[in-house]
Structure formats: structure tokens, C-alpha cells
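These notes are about the structure you will find just below.
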Amino acid sequence: MAEKKKIKKEKEPDITFFHPDLLEIPKEGLPYLKGYKCKKCGQLDFPKLSPCPTCWSEDFDVVPLSRKGNLYSFSDLYIGQPGLETPYICGYVDLPEEIRIFAMLKGDVNTFKCDEEVELTTGPIRKNADGLPITSYMFQKV
Amino acid sequence: MKLERDVYIAGVGETVFGKHKMDYDELGRIAAFQAIKSSNIDGPGMIGSAYVGNAHNGIVTGQTIFKDIGICGTAPIINVESACSAGAMAVHLAIKDVAYGLTELSMGVGAENHTLRRKSGTAFMPAMNDIEAVHGGVMTGKYAMRATRYMHETGATIEDLAMITQKSRRHAKNNPHAPYGGDYSIEDIIDSRMIAYPLTLHQCCGVVDGAGAVVVCSGEMIKKLGIEKPVKVRGSVVTSGPYHNRPRDITGDDITEMTSAMLYEESGIGPKDVDILELHDAFTIAELLYYECMGLCEKGDGLKFLRDGLSTYGGQCVVSPRGGMLSYGHPIGASGAAQMAANVKQLRGECNGYQVEPVPKVAMSHVTGGGLSGTEHAACTMHMLTSDW
């Protein structure tokens, strides 16, 4: 603990969790994605769009999104972003709330299929400036 | 864009594409000066404005290109960025100046050097403030997911996709501007290394450098310049991509469907009347989907359109007669302007060794831009050109 405090004094540590607006990892229970429902027109979005692009309201209710969805499409990536280890897998997951999520998929290459059920999980998606893993949402086979 | 008065293309220029030691400004200057000379322009004072498309090469790119050409200090030079659409967008803005009487003659240039700066072996990606980019998103992956879904829904195979590369590179075999032209077997293409399943290396545009340039002018000016083969701008459309996070059909492309419909309306020319087309074939799957999105054929008939030879020489619409991005590579700020330069040369019958016969009269170009999450593409620019002599 003492060491951590020391680092803080020298420089603000880079985040190890991608964004609190996106994902909740409760101490007890399962992680969920946070949808944002416009209080004025009812539009539901993920990620949060502010103002609401439809009615320009800036008030939202946070709605936990379904943890399971349909893998609409995917790709096994052998050439990726600079600094990311390959291969890794990305996909579009369609949730029952009519929201499409782009995410990394946890699992092996050559194993995913379109239209299979996947569920939310969490894991390291990349490293931050301090070389520490950044945790965010991912999906895996049910 | 409604054209308030007639706009013509007087001249065009393009560099050889490939890995260059010359930076973007030198490439841009070569293309721009070619376009100027082929337009019979006799001095810098005739150029009313210039727009320059570039994506990655830094600041004041246009002024850097044009400093030797003598219009710094005499004409506004405006730099344009919308990823892959930048070069065509620059030409669109030049057309707008002439169409609305702000200038009599303007220029659009696209120029880009990637290889002097970029580390090889990595993929292009959206900016890091994009939620998909943070989660590993790359452009190859975005197109690969379209291919995966298309194969899932239609039963198409990687071999089917590879036919697009085979066709385009055959088109480019005798095109000295295209570094990747040649005869490739389907095996050559599918056995090249996997980049993003199901897209193999030869199904992806190469990372190269290059430039293209287009000079546009009024009807009065085209006569004054004594241009024998004026090319008329029949339509020029720029759109931004519909933004939402709801499921969408990625075997279609909402922005391309919207932009092509607007271009057909504006030009009064329908998809079946287009003789040649340069489109955003950065990856094989894109071309296949765009046949359908642009209405060259019915939805679901893209593969048949390809197999029946309707998109090659002798077919209904020769798609990528220059070889497209799959044969040129794709310096992202340059491609849109270079596509238009190539189309003008086809309309004028100047493409020795890769000329479409009979010489085409109607040429369309299409280039999308950017991988902004929530859109299929952040931008799309399309042009319709006809011969007018």
C-alpha cells in the first residue's frame, strides 16, 4: 500500500479498468454492461451517448444490459494493432435489447461460429502506459 | 450536391503507387503538376483554390505540396481529412467552388506516404478514443466480419472472395501505376498468409504511398484552356455515416446505399448505365457487397454478377479497370483522387494496355472513409463523370 501511494505522488497512475461508465463488476454477483436509457425519449444506448442524439436530453437512467447475446459475426485476427499480441478474436454481439456490442472474444481461433450464443465475461484487453493489463468486457461461448 | 452550373475536369495526374522514398509532398506535387500541365494551365495565377486530402502525414500538408507550384500567397489552400475519403472529398470541394461561382478553376489533390513512417506488420485502426479501437478493433477485422457474415448467410467461400483479387489484378497487369498487377491463381490468393479470417494477405490492399490530382473548371474556362476532351462532372456527393449502436446488416452498407442513391438522383444516371467503376475495394469482400449496395445487380446476386463476368472487361460495368485498391495499394488520403484521375484517363481512351473497349462514356467512383464505431464508415464520397465531346 505504501508503495502505491508513493507512485501516486509522482504521477497519476494509468487506469487498469477501462471505463466505469461501461462495465460494472460487483463485489458479489456477475459483471454487467451499463446501458443508458434517455429519460426523455426512452432511447437506449451502449456506450453512453450524451446528449441523447435523438432528443438532446442529458438525463439518463442506467440499465443493466443482458449478459447473453448472439454472436452476429467475428474474425480471428492474425495482424492486429501495434502492441497487441496476436492472434486475438473480435466479434459483434447482438443483445436482446437491440444493442450491438463490439468486443474481444475469449476462446480459441477457429472455434467461433456466427449466430451462436455468447455471454459476458471480463479480461485483459490491452496494456496501459505502465505496462499493466487493462480490464474490460469480453464475451465467451456459453 | 446540387451543381449550380456546369463543372468540367480539365486534367488529372497520378503517381506510380508503391513504396516511395519521396514523402507525401513530393508525390502530391508530381500529381498536381501533371494535372496542371494536362489542363493547359499556363501560370499559377489561374488556380482559384486548392484542396488537399491527407490522413496521416501531419499539418499544413497542402501548403507544403503547393509551395513550389506558386499558389501559396495567391489562392486559399485548404487541407481535408476524412481517412480514406479525404482525396475524393478534396476534389468534391474544388467542384463546389466552381459550381457555385466562387472560382473559375480549382484543384483537388490527395497525397499520402505511409511507408516512411509506419511500422510494417500492424493493421490500420480507428483513433484510440474510439471504443472499438480500445477493444482491439482494426480495419481488417471490420471488413473480415462482413466477410464472415456474408459467407455464413450465402454459403460463399474464401475461393469466391479470391476471385475479386484475381480479376482486379488481372485488370492491372499492364497498368504501370499499379504495383500489384499480374496473374494470380486462386491458390496463390487463398494460400497467402491469413491476416484476419477469412481475409488473406492478397485479399487486402497493400500499404503503399502515392498521389492523385484533379483540375476542375467552369464551362467558359474549359473552352479557354482548349481542352479537347472535357469530362463533365455529373454528380458529386459527400455523406456522413448514420450513427447508431443497434444491429445492422453488414452484408449491406447503409452509407454506400444512401450515397449511391443520391448520386443517381443528382446525375440522372442509373446504375445500369455506368460503364466503369472504381470503388472502395480495400478488401475483396467490399467489392462483392458494393455490387449489390450500388444496384449494379439485385441484392444477393453479387457473386453471380462476378462469376458471369459482368464486372470485368466486356461486362455490364467494368469494376476496378485500373486494378482498384487491391492492385494499387491504398495510401489512404490519396486513393479517392487517384481513382478519379484513372477514370478520366479511361474516358479519354488514354489507358494503353488496360483501356476498356469500347471507350467508356460514364465513369463512377466511390470511396468510404474511417472506421468510427457505430457507423459502417464515417464518410462516403462518390462522383459520376461523363465524356462531353
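The values are calculated or read from the model by the stated rules, or taken from the named source; none is laboratory data. The structure presented is a predicted model; accordingly, all values stated were derived computationally and were not measured. Note that we place each Cβ from the backbone using ideal geometry, even for glycine, and neighbour counts take in every protein chain shown. The area values use the complete protein model at the heavy-atom level, side chains included, leaving out ligands, DNA and RNA. Shrake-Rupley method; radii C 1.70, N 1.55, O 1.52, S 1.80 Å.
Tell me, which helices (runs of 4 or more DSSP H) wholly within the range B:245-338 include 1 or more residues that are within 16 Å of the chain's Cα centre (by Cα)?
Details: elements: B:254-267, B:284-293, B:302-307, B:324-328.
Where helices (runs of 4 or more DSSP H) fall fully within the range B:245-338 and carry at least 1 residues being within 16 Å of the chain's Cα centre (by Cα), they are B:254-267, B:284-293, B:324-328.
Of the residues B:L102, B:L116, which is under 19 Å from B:I77 (Cβ atoms), more than 10 Å from every other protein chain (Cβ to nearest Cβ), of a type in the set (A, V, I, L, M) and more than 19 Å from the chain's Cα centre (by Cα)?
Answer to the selection: B:L102.
Report those helices (runs of 4 or more DSSP H) wholly inside the range B:112-181 carrying at least 2 residues which are among the charged types (D, E, K, R) and open to solvent by 60 Å² or more (accessible area, probe 1.4 Å). It would help to see each step written out before you state the result.
Working: elements: B:131-134, B:139-154, B:158-171.
Result: B:158-171.
Could you list all residues from the range A:16-51 that are assigned to a loop (DSSP other than H, G, I, E, B), more than 11 Å from chain B (Cβ to nearest Cβ) and among the hydrophobic types (A, V, I, L, M, F, W, C)?
Residues of the range A:16-51 assigned to a loop (DSSP other than H, G, I, E, B): A:16, A:18-22, A:25-31, A:39-43, A:46-51.
Narrowing the set further to residues that are more than 11 Å from chain B (Cβ to nearest Cβ) leaves A:16, A:20, A:25-31, A:39-42, A:50-51.
Matches in the range A:16-51: A:I25, A:L30, A:C41.
Is it the case that A:T54 is facing chain B (nearest Cβ under 10 Å) and surrounded by fewer than 21 Cβ atoms within 10 Å (Cβ to Cβ)? Before the answer, list the steps.
Working: facing chain B (nearest Cβ under 10 Å): yes; surrounded by fewer than 21 Cβ atoms within 10 Å (Cβ to Cβ): yes.
Yes; evaluated as a whole, the condition is true for this residue.
Taking B:P358 and the conditions (1) assigned to a loop (DSSP other than H, G, I, E, B); (2) in contact (Cβ under 8 Å) with a residue 60 or more places away in the chain; (3) farther than 25 Å from B:G182 by Cβ, which numbered condition does it fall short on, given that it satisfies the others?
The one condition B:P358 does not meet is (2).
Looking only at the range A:106-125, how many residues end up being open to solvent by 10 Å² or more (accessible area, probe 1.4 Å), modelled with pLDDT of 95 or more and either within 13 Å of the chain's Cα centre (by Cα) or not small (G, A, S) (or both)?
13
For (1) among the charged types (D, E, K, R); (2) in contact (Cβ under 8 Å) with a residue 60 or more places away in the chain; (3) closer than 17 Å to B:R146 by Cα, each residue gets a yes or a no:
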| residue | (1), (2), (3) |
| --- | --- |
| A:S66 | no, no, no |
| A:D94 | yes, no, yes |
| A:I101 | no, yes, yes |
| A:V118 | no, no, no |
| A:T121 | no, yes, no |
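Residue by residue, here is whether (1) touching a residue at least 60 places away in the same chain (Cβ under 8 Å); (2) open to solvent by 30 Å² or more (accessible area, probe 1.4 Å); (3) over 19 Å from B:P247 (Cα atoms) holds:
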{"residue": "A:G29", "(1), (2), (3)": "no, yes, yes"}
{"residue": "A:Y32", "(1), (2), (3)": "yes, yes, yes"}
{"residue": "A:K39", "(1), (2), (3)": "no, yes, yes"}
{"residue": "A:S50", "(1), (2), (3)": "no, yes, yes"}
{"residue": "A:G69", "(1), (2), (3)": "yes, no, no"}
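Which one of these is at the interface with chain A (Cβ under 10 Å from one of its Cβ atoms) and without any contact (Cβ under 8 Å) to a residue 24 or more places away in the chain: B:M194, B:M125? First the steps, then the outcome.
Values: B:M125 fails: without any contact (Cβ under 8 Å) to a residue 24 or more places away in the chain.
Exactly one of B:M194, B:M125 is at the interface with chain A (Cβ under 10 Å from one of its Cβ atoms) and without any contact (Cβ under 8 Å) to a residue 24 or more places away in the chain, namely B:M194.
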